[in-house]
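These notes concern the structure reproduced below.
The values are calculated or read from the model by the stated rules, or taken from the named source; none is laboratory data. These figures come from a predicted structure and were not determined experimentally. Here the Cβ positions follow ideal geometry from the backbone for every residue, glycine too, while neighbour counts run over all protein chains shown. Only protein heavy atoms, including side chains, enter the accessible area calculation; ligands, DNA and RNA are left aside. Shrake-Rupley method; radii C 1.70, N 1.55, O 1.52, S 1.80 Å.
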Amino acid sequence: MQTAEGRAPSPAIHHYLVAVTGGAITSSADAPAWAQDYWSYKSDRFAPGIGSLFIDVTQSLETMKYGTGSAGLIEREDRSGNTSVGSANVDRAAVSDKLHVVRLVLLGQAVSEFVNEPPVPGLMFGWGPAGTATIAFTDRDGRLFLFDRNQHKAAVSGAKNAILPAWSTDGSRLAWVQKGARKKYSLVVADVSLR
């Protein structure tokens, strides 16, 4: 596990090793030798061992409207029972912005979405072991899913506010970071089965 304390361009980086059995945490001066290779593997555009299965990248400018139209207007009732609509809310209902959206898409399924921010491959997805053609990904609501080349999609029970899904090398376990309250994060590990 790597954490960053402070902000770019020079945050303090810390490395920790978490034991698979028991979860004991030890500090490490540097990232393990295998970490860079694993990150490249989990965040690659191509499915490990299956070069014909890959993630497409789409970019678009999309309009985001603020307000909910007439349903979101503030209504006031005066003493005589007449109802009026606040003009400030009418103006706000018409406001919209153009947003730059980058989606990473596998077989028609968005496995990552970045709005007005640079895409980070692997932040919201992680490939399963070589040859399985399975990916774990989070949607924009933080729910965690498994998805395979046959387009079978299954939610991982109990996962919420999840990011950084990562598989064990044998595909029997899935780990992810789960955001809690007040910038608190938990490392969660669950048993999974591949079809």
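When only residues in segment 131-147 that are under 22 Å from V102 (Cα atoms) and open to solvent by 20 Å² or more (accessible area, probe 1.4 Å) count, which is modelled with the lowest pLDDT?
The qualifying residue modelled with the lowest pLDDT is R140.
Does I50 satisfy being modelled with pLDDT of 90 or more, surrounded by 15 or more Cβ atoms within 10 Å (Cβ to Cβ) and not hydroxyl-bearing (S, T, Y)?
On the way: modelled with pLDDT of 90 or more: yes; surrounded by 15 or more Cβ atoms within 10 Å (Cβ to Cβ): no; not hydroxyl-bearing (S, T, Y): yes.
The answer is no for I50.
Looking only at segment 53-85, filter to residues that are in a helix (DSSP H, G or I) and open to solvent by less than 60 Å² (accessible area, probe 1.4 Å); which one of those is modelled with the lowest pLDDT? Lay out the reasoning, then the answer.
In the first step, residues of segment 53-85 are kept if they are in a helix (DSSP H, G or I); the result is 69-72.
Next, only the ones that are open to solvent by less than 60 Å² (accessible area, probe 1.4 Å) stay: 69, 72.
Working: G69: 55, G72: 48.
That would be G72.
Does at least one position in segment 136-149 carry a residue that is β-branched (V, I, T) and over 16 Å from L104 (Cα atoms)?
Taking segment 136-149 first, the residues β-branched (V, I, T) are 138.
Filter once more, keeping what is over 16 Å from L104 (Cα atoms): none.
Within segment 136-149, none of the residues are β-branched (V, I, T) and over 16 Å from L104 (Cα atoms).
Within segment 114-122, can one find any residue that is modelled with pLDDT under 95, outside any loop (DSSP other than H, G, I, E, B), open to solvent by 50 Å² or more (accessible area, probe 1.4 Å) and over 26 Å from V20 (Cα atoms)?
Yes, because at least one residue in segment 114-122 is modelled with pLDDT under 95, outside any loop (DSSP other than H, G, I, E, B), open to solvent by 50 Å² or more (accessible area, probe 1.4 Å) and over 26 Å from V20 (Cα atoms).
Name the single residue, out of those in segment 150-183 being closer than 24 Å to F114 by Cβ and charged (D, E, K, R), that is most open to solvent (accessible area, probe 1.4 Å).
By that ranking, first place goes to K183.
If a residue has to be under 21 Å from the mean Cα position of the chain (by Cα) and part of a loop (DSSP other than H, G, I, E, B) to count, how many in segment 30-52 make the cut?
Adding up the residues that qualify gives 4.
Take segment 105-149 and flag every residue that is acidic (D, E) and within 11 Å of the chain's Cα centre (by Cα). Explain how you work it out, then say what you get.
Narrowing segment 105-149 to residues acidic (D, E): 113, 117, 139, 141, 148.
Selection gives E113, D139, D141.
In this structure, does D56 turn out to be in contact (Cβ under 8 Å) with a residue 24 or more places away in the chain and under 22 Å from the mean Cα position of the chain (by Cα)? Step through it out loud before you land on a result.
On the way: in contact (Cβ under 8 Å) with a residue 24 or more places away in the chain: yes; under 22 Å from the mean Cα position of the chain (by Cα): yes.
Yes; evaluated as a whole, the condition is true for this residue.
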